[in-house]
Amino acid sequence: MKTFSFKVFSEGISFKNYNELKFYGIPEICFTGRSNVGKSSLINAITNRKSLASTSNKPGHTRRIFFYNIAKKFMLVDLPGYGYAKASKNKIEKMSELVFLYLTKRTYLKIVYILIDSRHGFKESDISFLEFLDTNKISFQIVFTKIDKINKSEKEVLIKGMQFHKLIKNSHPFFTSSKTKLGVKDIKKQIIDNLKNDE
Ligand SMILES: Nc1nc2c(ncn2[C@@H]2O[C@H](COP(=O)(O)OP(=O)(O)O)[C@@H](O)[C@H]2O)c(=O)[nH]1
Ligand SMILES: [Mg+2]
């Protein structure tokens with residue numbers, strides 16, 4: 001496969017229930033993270049759009065899974081975020097049934113990009129989500145967002161913090177900013193490489 005531009009072929013289509021999900025016959029690549037982590041901004045940066053992912057922020061839409069067909073090569077999947085600040089504690093801990101079924105049953109799923117806000121680092125909900133992916137043998141890639149908001153020594157603290165958990169210790173995170181576009185190319189390159197392995 002040659003490189004391709006991440007042109008959005010179809011506008012987002014969203015689902016609220018697992019049994020409504022359609023199969024598209026192309027690989028699926030997910031983005032998720034705690035709310036406000038910068039997920040919509042990063043999806044917009046990757047697809048070079050101003051407001052592609054903003055609709056998923058509308059009230060009532062936050063519990064839906066959004067699919068965007070990118071250049072007919074893959075489906076970019078915007079998973080509902082976890083760790084809702086306004087939800088009850090119970091909801092924070094509990095993964096929605098939709099996300100659970102999607103992640104455990106979807107055979108076209110290639111990789112999950114886990115977004116972590118550089119200013120806040122890993123939280124308990126991130127770690128439990130990572131443990132869930134590991135248990136279910138789902139590959140993931142860690143992406144630090146809003147890197148423009150931290151300085152060099154804060155970045156070092158962030159990297160050091162990764163040594164404390166076995167699941168993230170040896171992983172190679174991406175450092176990104178939707179503001180400066182830092183790291184956006186690296187994600188696109190990894191996606192293209194990942195899709196190549198399928199051919
Ligand atoms: N400085 C900076 N702000 C960002 C960046 N990405 C997102 N934000 C801001 O963080 C807030 C949440 O971003 P959004 O993409 O809506 O997060 P989401 O809730 O995860 O979809 C917004 O105010 C964005 O402008 C970034 O890379 N740099
Ligand atoms: Mg959003």
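Considering only the range 127-199, give the helices (runs of 4 or more DSSP H) lying wholly within it that have at least 3 residues that are aliphatic (A, V, I, L, M) and open to solvent by less than 90 Å² (accessible area, probe 1.4 Å).
Fully inside the range 127-199 and qualifying: 184-196.
Which of the following residues is acidic (D, E), in contact with a Leu (Cβ under 6 Å, 6 or more places away or on another chain) and either more than 11 Å from ligand 2 (Cβ to nearest atom) or modelled with pLDDT of 90 or more (or both): E11, E28, E20?
On inspection, the qualifying residue turns out to be E28.
Suppose we keep only residues that are open to solvent by 80 Å² or more (accessible area, probe 1.4 Å) and part of a loop (DSSP other than H, G, I, E, B) within the range 6-21. Which one would you say is nearest to K50 (Cα to Cα)?
Of everything passing the filter in the range 6-21, K7 is nearest to K50 (Cα to Cα).
Given (1) under 18 Å from the mean Cα position of the chain (by Cα); (2) at pLDDT below 80; (3) open to solvent by 30 Å² or more (accessible area, probe 1.4 Å), where does G83 come up short, assuming only one miss?
(3)
Could you figure out which of (1) away from ligand 1 (no atom under 13 Å from the Cβ); (2) in contact with a Lys or Arg (Cβ under 9 Å, 6 or more places away or on another chain); (3) modelled with pLDDT of 95 or more isn't true of K123?
Among (1) away from ligand 1 (no atom under 13 Å from the Cβ); (2) in contact with a Lys or Arg (Cβ under 9 Å, 6 or more places away or on another chain); (3) modelled with pLDDT of 95 or more, K123 violates only (3).
For K181, only one of the following conditions fails: (1) closer than 20 Å to N44 by Cα; (2) more than 16 Å from ligand 1 (Cβ to nearest atom); (3) more than 16 Å from the chain's Cα centre (by Cα). What is its number?
The single condition K181 does not satisfy is (2).
Pairs needed: first member in the range 25-47, within 18 Å of S5 (Cα to Cα) and open to solvent by less than 10 Å² (accessible area, probe 1.4 Å); second member anywhere, part of a loop (DSSP other than H, G, I, E, B) and among the small types (G, A, S); C-beta distance under 6 Å; at least 6 residues apart or different chains.
Within 6 Å, the pairs are L42/S178.
The values are calculated or read from the model by the stated rules, or taken from the named source; none is laboratory data. Nothing here was measured: the structure is a model prediction, and the numbers come from that model. Neighbour counts are summed over all protein chains in view; Cβ atoms, including those assigned to glycine, are modelled from backbone coordinates with ideal geometry. Note: areas computed on protein heavy atoms with side chains; ligands, DNA, RNA excluded. Shrake-Rupley method; radii C 1.70, N 1.55, O 1.52, S 1.80 Å.
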